[in-house]
Amino acid sequence: MKSRGNTRSIAAVTVLAMAWVFTPVPADAQNAYITNQGIAPNFSDNVTVIDTVTNKVVKTISVGLAPSGVAVAPDGSRVYVANEAVKGTVSVIDTATNAVSATVAVGNNPVGIAVKPDGSKVYVANKGRQGTLSVIDTATDTVSSTIDVGLSPIGVAVKPDGSKVYVTNDAANGTVSVIDTATDAVTGTVEVGSHPVGVAVKPDGSKVYAAANRDSRTVSVIATANNTVVATIDVGLAPFGVAVTPDGSKVYVTNLNNTVSVIATANNAVSSTISVGNGPVGVAFTPDGGKAYVANQFDHTVSVIATASNAVVATVDVGTSPIAFGIFIRPGFATTAGSPNLSRH
């Protein structure tokens, strides 16, 4: 992906009254999968695996060229990596072996990627000129549908009940496309700040947080009930990645000025600012919410934050130019009542 100046290449209860069930996950299901994109023209082709219990690197996996987006399946069995080469692909990693089990051709310049909570589909934002979202059928590892969205789609998030997908379109007139997963059709478009990138959904499904409104340095908060922006929050310089804690109480946003803004969802205000490494991009939590991991693109490290104190407790060396854009650790272990319990490994 082309660099923008000196920034970076390439980031209440629901209306359905969902009940949440919490069950522990095995320690070996808590690996962090960090995509190392490399620096143009010498793009990398690997993923660093960090054991989040020990904060030690346990594996390096070869994938496609210029990996950036990454998503761990809710049951922890697979990891999906978007390789941002022009003729884009998605590498499918079997977590039992930490080896690539399939490679799926998608659109040009895939970046953001997310898995439907039931594991049946993977959504891939293709940032190339066509502005599309590829839908992968995980049973066959083939593209089952291609959806036209906005200009330069980049971030993807799925509502926890699996009904909607939210895609940020990284244009000056920034928007978020809303997709109905039953029909794979766009059902709404929400205007947000300019150049939105990262996106995440609150675990109760009530709010969407669109980060990296680059020119205005804000995060837009969208109410999912009516697809309207209900708050705009000032954060740091060029916000990029965004993640919500498993309990839904906080949102962590990475900023180009080497900080992470912590937003309290109760009042939509920044409650803390954390200094991390150089050029933070992706951010994700361990399933219990106790730690946040931040990929620092420019110093090739991952900062580990203890969420109870918001202090950096470890720094892990990884590959060249880590991006880790997406849910690169198995998601928090909340599951909807009546849905399969996805806490198995």
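Summary table below
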item	result
Residues that are in contact with a strand residue (DSSP E or B) (Cβ under 9 Å, 6 or more places away or on another chain) and either among the polar types (S, T, N, Q) or surrounded by fewer than 19 Cβ atoms within 10 Å (Cβ to Cβ) (or both), drawn from segment 96-122	98, 99, 100, 101, 102, 103, 105, 108, 109, 119, 120
Near pairs, Cβ below 8 angstrom, 6+ apart or cross-chain, from segment 54-71 (within 24 Å of residue 240 (Cα to Cα)) to any residue that is among the charged types (D, E, K, R) and open to solvent by 20 Å² or more (accessible area, probe 1.4 Å)	63/45; 64/45; 65/45; 66/45; 67/45
Strands (runs of 3 or more DSSP E) (entirely within segment 282-335) containing at least 2 residues that are more than 19 Å from the chain's Cα centre (by Cα)	311-317
Residues located in segment 298-327, provided they are touching a Lys or Arg at 6+ places or on another chain (Cβ under 7 Å) and open to solvent by less than 10 Å² (accessible area, probe 1.4 Å)	304, 305
Residue in segment 66-83 that is surrounded by fewer than 16 Cβ atoms within 10 Å (Cβ to Cβ), more than 23 Å from residue 285 (Cβ to Cβ) and of a type outside the set (Val, Ile, Thr) present	no
Which listed residue, of 168, 89, 103, is over 18 Å from the mean Cα position of the chain (by Cα), in a strand (DSSP E or B) and of a type in the set (Ser, Thr, Tyr)	103
Any hit, segment 113-131, residues being farther than 20 Å from residue 184 by Cβ and of a type in the set (D, E, K, R)	yes
Boolean, residue 295 is open to solvent by 10 Å² or more (accessible area, probe 1.4 Å) and modelled with pLDDT of 95 or more	no
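The values are calculated or read from the model by the stated rules, or taken from the named source; none is laboratory data. Since the model is a prediction, treat every value here as computed from it, not as a measurement. Here Cβ is always computed from backbone atoms with ideal geometry, including for glycine, and neighbour counts include all displayed protein chains. In case anyone asks, the SASA skips ligands and DNA or RNA and just uses the protein heavy atoms, side chains included. Shrake-Rupley method; radii C 1.70, N 1.55, O 1.52, S 1.80 Å.
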